[in-house]
Amino acid sequence: MSASGREVVLGVGAGIAAYKACDVVRRLQDHGFLVTVVPTPSSLNFVGAATWEALSGREVATQVWENIPGVAHVRLAQEADFILIAPATADLISRLAQGRADDLLTNVVLASGAPIMVVPAMHPHMWTNPGTMENVQMLRSRGFTILDPDIGRLTGPDVGVGRFPDTARIIENFEGMVGTTADLLGRKILITAGGTREPIDAVRYIGNRSSGKQGFAIAQAAFARGADVELIAANCPDLEIEGVHITRVETTQEMQTVLEARFDLCDILVMCAAVADAKPAYVHEGKLSKEEYTSISLIKNPDLLAEMSSRRREGQVLVGFAAETQDHLESARAKMERKGVDILYVNDVTGGAIFGSDITSGTILTRSGGKMEVNDAAKDTLADVLLDHVLFQLG
Ligand code: CTP
C-alpha cells in the first residue's frame, strides 16, 4: 500500500547541485512524498547510486537495460504521480525538449502523463544561451513547470543567474504544483484501527466486525499530509503503509500497553479501533468441548480512550469513534463528554452497515457543539475531513 497521490520520481541531472538534491529527497519525504530517484548516468559522477538508494530506501537505476523484466521505465512512469527533475542541466533540458529517450529518466518522462517540474542549475551563459532559452520555452509550452534559477554565487568564481534554488523554494513550488501542503508536518499522530479480540480458549475469541479500513485510511491520509504516523492495528489485514510504523496487537490489554507507552509523545490520538468492552474472566488453555462451552463469565475491559483523556496534556487532540444503533446523536454527545474527546465520528450501524465497506455515512461532532453530516463518503475522504477538523483544533 502506498500513500496514493504521493509517488514522486526525482530525476537528477549531472550538475554539481546534485549534492543539494540529497536534501530535496529528505524534505520531500518529510512532506509525505514517497521518492524514487532516477539519476542520469553522468550525474553519478557527482552523487553515487549508493547515496540515492540509502536516502530513498529504494533501488536506483539509470538505464532501461537494468532490470529488463521489470520494464522499469513503464512501471516508474505509471506509478509516478509527479516528476521533479532537480537539478536539470542544459543538456538534460535539451534532451527533454527534443523528446529523446536515451537514458532511464528521459524514457520515464516520455512514458508518463504526470505533472513535471524542472529545476535548472547551470552557468549563467548556458542558462541565457538562446538554445537553452528556446528549449525552456518549448517545455513550458508543453505544460512543464520550469523554476527560474536563483541569482548568486556559482561553482567557480562567477556570480549570476543559474544557481540551484534553496530546498525550501523548490518544495514550496512543488507543493503548489501538486496542490497539497504538508499541513501536519511535525505533528505526531497515534491511530488505533481494527477490533480487539479476547480469547475464550485456545481457538475461540470474543471479537467484533471492525475491518480496520477507516483507521488505515486515516493513517495514509495523515502520512500524506506530512505527519509522523504510528498505527496500532488490532486484527487487521496484513497490509503495510510505506512510511507508517505499524504495531500489531490482538487483545485490549496489548493495545493498552502500546497506547500507554506512546500516548504522551503524540499530538493527536485517533481511537478508531472497536475495543472489546469485556473479556472472559478465565481463558482456558486448551479447547473447551461443547459440553463445557455453555456460559462465559466476563470482566470489564478498561476504557482506553477515557484513560488517555484523563492523562492528556494541554494541546493534545483526541478523536473518538462511536458505532450506535439507536438515538445515535444523543448517546454520542453523552459519550463525548464522558470520554473527554474533542471530535467524535458517529456511525449509525443499524443492520451492520459500514463494517468492511469502503463507504461511510455518519456525523462528525465537535466538543464546541459543531455538527457535520457525512453521506456516502469514501473512507479516504472522511479521513481527510477528520484531519481538517483536527488541524482546526490544533489551531
Ligand atoms: N473505546 C475505548 N475503550 C473501550 C471501549 C471503547 O477506548 N473499552 C473507544 C473506541 O475506540 C471509540 C470510543 O471509545 O473511539 C467509543 O466506542 P464505543 O464502543 O462506541 O463506546 P463504548 O464506551 O463501548 O460505549 P457503548 O456502551 O455504546 O458500547
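The values are calculated or read from the model by the stated rules, or taken from the named source; none is laboratory data. Everything quoted here is computed from the prediction, not taken from an experiment. Positions of Cβ are generated from backbone atoms using ideal geometry, with glycine treated the same way; all protein chains shown enter the neighbour counts.
For Leu105, are the conditions met, namely being away from the ligand (no atom under 16 Å from the Cβ), buried (at least 20 other Cβ atoms within 10 Å of the Cβ) and not acidic (Asp, Glu)?
yes
Note down all Cβ pairs under 6 Å where the first residue falls in the range 89-110 and is closer than 19 Å to Glu66 by Cβ, the second is of a type in the set (D, E, K, R) and surrounded by fewer than 20 Cβ atoms within 10 Å (Cβ to Cβ), and they're at least six residues apart or on different chains.
Cβ pairs passing all conditions: Thr106/Arg100.
Mind counting the residues in the range 246-265 that are touching a strand residue (DSSP E or B) at 6+ places or on another chain (Cβ under 7 Å) and either exposed (fewer than 14 other Cβ atoms within 10 Å of the Cβ) or farther than 24 Å from Arg312 by Cα (or both)?
Of the residues in that region, 2 qualify.
If Thr366 satisfies every condition in (1) under 12 Å from Phe321 (Cβ atoms); (2) in contact with a His (Cβ under 8 Å, 6 or more places away or on another chain) but one, which is the exception?
Every listed condition holds for Thr366 apart from (1).
How do the strands (runs of 3 or more DSSP E) wholly within the range 220-318 filter down when requiring 2 or more residues that are more than 22 Å from the chain's Cα centre (by Cα): which remain? Spell out the reasoning first.
Numbers: elements: 228-234, 245-249, 268-271, 278-280, 298-300.
Answer list for the range 220-318: 278-280, 298-300.
Output the residues belonging to the range 303-321 that are exposed (fewer than 13 other Cβ atoms within 10 Å of the Cβ) and either outside the structural domain of Leu265 (by TED's automatic domain parsing) or more than 18 Å from Ile189 (Cβ to Cβ) (or both).
Within the range 303-321, the first condition is being exposed (fewer than 13 other Cβ atoms within 10 Å of the Cβ), and the residues that meet it are 310-311, 313-315.
Of everything in the range 303-321, just one residue is exposed (fewer than 13 other Cβ atoms within 10 Å of the Cβ) and either outside the structural domain of Leu265 (by TED's automatic domain parsing) or more than 18 Å from Ile189 (Cβ to Cβ) (or both), namely Ser310.
Can you confirm whether the range 65-78 contains a residue that is surrounded by fewer than 19 Cβ atoms within 10 Å (Cβ to Cβ) and touching a residue at least 40 places away in the same chain (Cβ under 8 Å)? If you could, list the steps in order and put the result at the bottom.
Just the residues of the range 65-78 that are surrounded by fewer than 19 Cβ atoms within 10 Å (Cβ to Cβ), to begin with: 65-71, 74-75, 78.
Imposing the further condition that a residue be touching a residue at least 40 places away in the same chain (Cβ under 8 Å) reduces the set to none.
No, the range 65-78 has no match at all.
From the list Gly369, Gly362, Gly395, pick out the single residue that is exposed (fewer than 15 other Cβ atoms within 10 Å of the Cβ), under 18 Å from Ala332 (Cα atoms) and among the small types (Gly, Ala, Ser).
Details: Gly362 fails: exposed (fewer than 15 other Cβ atoms within 10 Å of the Cβ); Gly395 fails: under 18 Å from Ala332 (Cα atoms).
Just a single option satisfies the conditions, and that option is Gly369.
Can you tell me how many residues in the range 26-41 are under 22 Å from the mean Cα position of the chain (by Cα) and within 20 Å of Glu66 (Cβ to Cβ)? It would help to see each step written out before you state the result.
If we filter the range 26-41 for residues that are under 22 Å from the mean Cα position of the chain (by Cα), which is where we start, we get 26-38.
Subset that is within 20 Å of Glu66 (Cβ to Cβ): 35-38.
Within the range 26-41, residues that are under 22 Å from the mean Cα position of the chain (by Cα) and within 20 Å of Glu66 (Cβ to Cβ) number 4.
Across the range 169-192, what is the number of residues that are free of Cβ contacts under 8 Å to residues at least 60 places away in the same chain and assigned to a helix (DSSP H, G or I)?
The total comes to 4.
Checking Ile200 against (1) touching a residue at least 60 places away in the same chain (Cβ under 8 Å); (2) closer than 30 Å to Gly5 by Cα; (3) surrounded by 17 or more Cβ atoms within 10 Å (Cβ to Cβ), only one condition comes out false. Which one?
Result: Ile200 fails condition (2) only.
Would you confirm, using the coordinates I've provided, whether Thr350 is crowded, with 21+ Cβ neighbours inside 10 Å, more than 13 Å from the ligand (Cβ to nearest atom) and not charged (D, E, K, R)?
On the way: crowded, with 21+ Cβ neighbours inside 10 Å: no; more than 13 Å from the ligand (Cβ to nearest atom): yes; not charged (D, E, K, R): yes.
No; evaluated as a whole, the condition is false for this residue.
Given the conditions (1) more than 21 Å from Leu318 (Cβ to Cβ); (2) within 16 Å of the ligand (Cβ to nearest atom), and given that Tyr293 satisfies all but one, which numbered condition is not satisfied?
Unmet condition: (2).
Condition first: assigned to a loop (DSSP other than H, G, I, E, B) and surrounded by 12 or more Cβ atoms within 10 Å (Cβ to Cβ). Now tell me which residues in the range 149-168 satisfy that. So that I can check it myself, show each step before the final result.
First, pick out the residues of the range 149-168 that are assigned to a loop (DSSP other than H, G, I, E, B): 149, 154-158, 164-166.
Within the range 149-168, Pro149, Leu154, Thr155, Phe164, Pro165, Asp166 meet the criteria.
Being modelled with pLDDT of 95 or more and over 19 Å from Ala21 (Cα atoms) narrows it down to one residue among Leu92, Leu84, Leu110; which is it?
Leu110
When you scan the range 32-55, how many residues do you find that are buried (at least 20 other Cβ atoms within 10 Å of the Cβ) and under 30 Å from Ala217 (Cα atoms)?
Just the residues of the range 32-55 that are buried (at least 20 other Cβ atoms within 10 Å of the Cβ), to begin with: 32-40, 43, 47, 52, 55.
Filter again for under 30 Å from Ala217 (Cα atoms), leaving 32-38, 52, 55.
Selection size over the range 32-55: 9.
Counting only residues that are within 8 Å of the ligand (Cβ to nearest atom) and among the charged types (D, E, K, R), which one in the range 301-337 is modelled with the lowest pLDDT?
By that ranking, first place goes to Glu324.
Any residue in the range 266-274 that is assigned by TED's automatic domain parsing to the domain that holds Val341, more than 14 Å from the ligand (Cβ to nearest atom) and surrounded by fewer than 16 Cβ atoms within 10 Å (Cβ to Cβ)? Reasoning before the result, please.
Going residue by residue through the range 266-274, those that are assigned by TED's automatic domain parsing to the domain that holds Val341 are 266-274.
Still in the list and also more than 14 Å from the ligand (Cβ to nearest atom): 266-267.
From what's left, surrounded by fewer than 16 Cβ atoms within 10 Å (Cβ to Cβ): none.
No, there is no match, as no residue in the range 266-274 is assigned by TED's automatic domain parsing to the domain that holds Val341, more than 14 Å from the ligand (Cβ to nearest atom) and surrounded by fewer than 16 Cβ atoms within 10 Å (Cβ to Cβ).
May I ask you to verify whether Ala121 is under 23 Å from His31 (Cβ atoms), more than 27 Å from the chain's Cα centre (by Cα) and crowded, with 20+ Cβ neighbours inside 10 Å?
Numbers: under 23 Å from His31 (Cβ atoms): yes; more than 27 Å from the chain's Cα centre (by Cα): yes; crowded, with 20+ Cβ neighbours inside 10 Å: yes.
So Ala121 fits the description; yes.
Quick check on this structure: which one of Asp358, Asp327 is in the same structural domain as Phe223 (by TED's automatic domain parsing), more than 19 Å from Ala193 (Cα to Cα) and either touching a residue at least 60 places away in the same chain (Cβ under 8 Å) or of a type outside the set (S, T, N, Q) (or both)? I'd like the intermediate steps shown before the answer.
Values: Asp358 fails: more than 19 Å from Ala193 (Cα to Cα).
Going through Asp358, Asp327 in turn, the sole match is Asp327.
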